[in-house]
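Down below is the structure, laid out as structure tokens.
The values are calculated or read from the model by the stated rules, or taken from the named source; none is laboratory data. Quantities reported herein were computed from a predicted structural model and do not represent experimental measurements. Don't worry about glycine lacking a Cβ; one is built from the backbone with ideal geometry, like all the others, and counts go over all protein chains shown.
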């Protein structure tokens, strides 16, 4: 049984409907419309997303981070023409702070079950996570919306002051720098920040805990000079070897309630397959 067959078996046993449909659309020639219908069920009337699309946020209400998850799914389907995108941008505009960014999480999270790290102040500021990857993906797909100009200015401003980013901030910054249209400025900022951003990468394949390896920063070949090919090859070999006996790839952070292990597992499994495919490790899928 090959990598895809084993992953499909895992998803059939454990995956959410949306992740099973993503797999079918991306790897079995299935239509993308069922994925879009499933994703739309997570979107609220305000245009934001909730309902545990981001599995560690269990509440029904909209959160900015859930918008990022939705946009990554639309990105893999090349479906940014969906009306869900404009509605999501309208939602982002409604929760944007005066500095032009959206907060990591809104205080409304306190009213819902969620992982213990989803905490916030009463009046949270804008944050690179998730403003930068959201802006980057909107730029990648040529989305025109009034929210994007202010968010882009916010990201440039935060990057100018970035000193000791966390891992998620570093990955967010790289997504923005990969897709923002001003390529000369983006490359200059990457050159200036390269050591700071990539200083958050874990290269040790056996490192325990919630660490992030090169393929988390470069899940597909990047136009930015992130890692030499030998590093990528080593980690691609390890990624293939890390497929579990039941066919999936799982999270490496705390599972605070049993359900989220497989909800994340299905989402991550489809992500890992896309990385292997992007680097030519799954062979010809036609």
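Looking at residue 148, is it touching a residue at least 40 places away in the same chain (Cβ under 8 Å) and either in the same structural domain as residue 253 (by TED's automatic domain parsing) or surrounded by fewer than 18 Cβ atoms within 10 Å (Cβ to Cβ) (or both)? In short, yes. Within the stretch 42-52, if we keep just the residues that are more than 17 Å from residue 265 (Cβ to Cβ) and under 19 Å from the mean Cα position of the chain (by Cα), the residue that is surrounded by the most Cβ atoms within 10 Å (Cβ to Cβ) turns out to be 49. Would you be able to say whether some residue in the stretch 11-26 is outside the structural domain of residue 265 (by TED's automatic domain parsing), at pLDDT 95 or above, surrounded by fewer than 18 Cβ atoms within 10 Å (Cβ to Cβ) and not in a loop (DSSP other than H, G, I, E, B)? Within the stretch 11-26, none of the residues are outside the structural domain of residue 265 (by TED's automatic domain parsing), at pLDDT 95 or above, surrounded by fewer than 18 Cβ atoms within 10 Å (Cβ to Cβ) and not in a loop (DSSP other than H, G, I, E, B).
Per the conditions (1) in contact (Cβ under 8 Å) with a residue 40 or more places away in the chain; (2) more than 30 Å from residue 32 (Cβ to Cβ); (3) outside any helix (DSSP H, G or I), the sole criterion not satisfied by residue 122 is (1). Among the residues of this structure, residue 31 does not count as one that is surrounded by 19 or more Cβ atoms within 10 Å (Cβ to Cβ) and assigned to a loop (DSSP other than H, G, I, E, B). From the set of residues in the stretch 53-71 that are in a helix (DSSP H, G or I) and either in contact with a strand residue (DSSP E or B) (Cβ under 8 Å, 6 or more places away or on another chain) or without any contact (Cβ under 8 Å) to a residue 60 or more places away in the chain (or both), which is surrounded by the fewest Cβ atoms within 10 Å (Cβ to Cβ)? By that ranking, first place goes to 69.
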